[in-house]
Structure formats: C-alpha cells, structure tokens
Amino acid sequence: PPPPPPPGGQYVPPPPGGQYTPPPPPQAAPPQPQPQQQGGAISLTKNAPSVSLTKHGATSGHMRVNLNWTAREGVAKGRLGKRRRGVDLDLDLCCLWELQDGRKGIIHALGDMGALDRPPFIKLDKDDRTGAIEAGENLHINLDHMAQFRRILVFAEIYDGAEDFRGLDAIATLFPVGAPPIDMRMNDCVDASRDAVLALIENVNGELVVHREGRFVLPPPGRPRWGKMTVDQAYAWNLEWVASRGKD
C-alpha cells in the first residue's frame, strides 16, 4: 500500500529518481499604454495618462499651456439661459506651483499672475471671460529653469456663467518648444464640481513628466467660490487661504 500522506504543511521530498521541474517564470507586467500621437499632437487619456517632456526634447524655452472651452448646446440652452458655444461662460486657468527650495504659491486671474524672469518662472497672460477668443487663456512656463521646479498643478475653475462643469467641454494643450503639442480633454463631469484638475507636471529625478489628472473637485459646502482651496487640500499644497477680491 502507498505510504500515508504527511501532516499538513510538511515538506514532501520528490520520489527517488524523479526529475525536478522548476515552476514557470512569473509573467512580466503588461507594458503601459503609450499616449497616441494624432495630427502631430500627443493626446493624454485615462488609459495613457503620462508623457515625459524631457524624453521628447522639451527642456528649454517657454512652454505655453492653453485652455479653451465650449458649452454643449443643450446644456447652454437649458442651464445657461440663451448662451451658446461658451459665450458669457468665464472659465479661469490657474496653477499651483512648488519649487525645489520649498517656495510655493498659486497663479490665477484673481491674484498673482506670475512672472517668467523670476520665481515662479510661470506667467498667466490674460483673463478670457468668454472662451470665444481663439487663443483662450494661456500660462507660460519657462523651461530654462526646469531644474528649479518640483511640481506644477494646472487646473480650471468656473468663475461665472455656469453652476458646475456638467455639460462643459474643456481642453488643455501644452505647446513645448521643439516637441509635439500635448492635449487632454475633460467633458465627463457628473456632479456639482466647479474646478477641474487638468495636469500635474512633476520633476522626477531631473525628468519633467506630464500626468493627465482628469479630476473634478467639489467646492466646500456652502462656499462655491472656494474650490481652489479644495484643490490645494486634495494635492497637499498647504497654502494659507483668505477671501480675494472679485473681478472688475
């Protein structure tokens, strides 16, 4: 008769003369999807959310970050009265920034517009209050100082013309010098968010990497114009917040 089985958990040697069969090697992790380049532009999506500026040769010059938007017609007619195609919709381009030496802050239309020749080496050029201007709103980032950046968070905030991002289409496009444009779209808001986080640009061991965030952020309860503070808290920027003046 065959020998009794060993107690549970006990090592069982192979039978004499048996050949050892090694276990199959572990399967390699599937490669991460790469962003698709269409019409000369690199599109960041949920499935392919990151791209290296450094690997594409974007290591100097002024990189423009453009924001444009529209309101879908049905939403514009129902929720925005008689407005069409984003007219009278005021969507602001903003960014939180942090340098390697610990300095940090925010650039937005209601406060500091930034500078290119001194810290933070980022500047907002103007406030487009309709979205009808073809150029939209633009941030300029001076990549000649790339080594001084730790992280830059680019986001959009509704100032006027809509209660939230439902039914709004926003597109942010990065135009680095000497490299293809990089675009990302956001049009899938399902709640009362008034802020949309578009992209996080991080210095990773000396390499500047763009991550599509695609994240909608709700304002604090009862404080619809304090969405920037919630974005700050979501990304642990830890700035001090006070009430700001409105637009003229």
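From G206, G214, G222, which residue is on the phi > 0 side of the Ramachandran plot, touching a helix residue (DSSP H, G or I) at 6+ places or on another chain (Cβ under 8 Å) and modelled with pLDDT under 95?
On the way: G214 fails: touching a helix residue (DSSP H, G or I) at 6+ places or on another chain (Cβ under 8 Å); G222 fails: touching a helix residue (DSSP H, G or I) at 6+ places or on another chain (Cβ under 8 Å).
After ruling out the rest, the residue left standing is G206.
Would you be able to tell me the number of residues in the stretch 147-164 that are more than 17 Å from the chain's Cα centre (by Cα) and modelled with pLDDT of 95 or more? Steps first, please.
Keep residues of the stretch 147-164 that are more than 17 Å from the chain's Cα centre (by Cα), which gives 147-148, 159-164.
In the following step, the residues that additionally are modelled with pLDDT of 95 or more were identified as 147-148.
The qualifying residues number 2.
Would you mind finding the one in L174, L200, L153 that is part of a strand (DSSP E or B), in contact with a His (Cβ under 6 Å, 6 or more places away or on another chain) and among the hydrophobic types (A, V, I, L, M, F, W, C)?
Details: L174 fails: in contact with a His (Cβ under 6 Å, 6 or more places away or on another chain); L153 fails: in contact with a His (Cβ under 6 Å, 6 or more places away or on another chain).
After ruling out the rest, the residue left standing is L200.
G167 passes all but one of (1) modelled with pLDDT of 90 or more; (2) touching a helix residue (DSSP H, G or I) at 6+ places or on another chain (Cβ under 9 Å); (3) at positive phi; which number fails?
All conditions pass for G167, except number (1).
Looking at this structure, is L200 within 14 Å of the chain's Cα centre (by Cα) and under 16 Å from I152 (Cα atoms)?
Working: within 14 Å of the chain's Cα centre (by Cα): yes; under 16 Å from I152 (Cα atoms): yes.
In short, yes.
Let me spell it out: the conditions are (1) under 22 Å from A179 (Cβ atoms); (2) modelled with pLDDT under 95, and M63 meets all of them except one. Which number is the exception?
(2)
Which of the residues belonging to the stretch 194-248 are among the small types (G, A, S), touching a residue at least 40 places away in the same chain (Cβ under 8 Å) and either in contact with a Leu (Cβ under 9 Å, 6 or more places away or on another chain) or within 16 Å of C95 (Cβ to Cβ) (or both)?
Of all residues in the stretch 194-248, those among the small types (G, A, S) come to 196, 199, 206, 214, 222, 227, 234, 236, 243-244, 246.
Next cut, touching a residue at least 40 places away in the same chain (Cβ under 8 Å) only: 196, 199, 206, 214, 227, 244, 246.
Of everything in the stretch 194-248, those that are among the small types (G, A, S), touching a residue at least 40 places away in the same chain (Cβ under 8 Å) and either in contact with a Leu (Cβ under 9 Å, 6 or more places away or on another chain) or within 16 Å of C95 (Cβ to Cβ) (or both) turn out to be A196, A199, G214, G227, S244, G246.
The values are calculated or read from the model by the stated rules, or taken from the named source; none is laboratory data. Owing to the predicted nature of the structure, the values given are computational and were not obtained by experimental measurement. Neighbour counts are summed over all protein chains in view; Cβ atoms, including those assigned to glycine, are modelled from backbone coordinates with ideal geometry.
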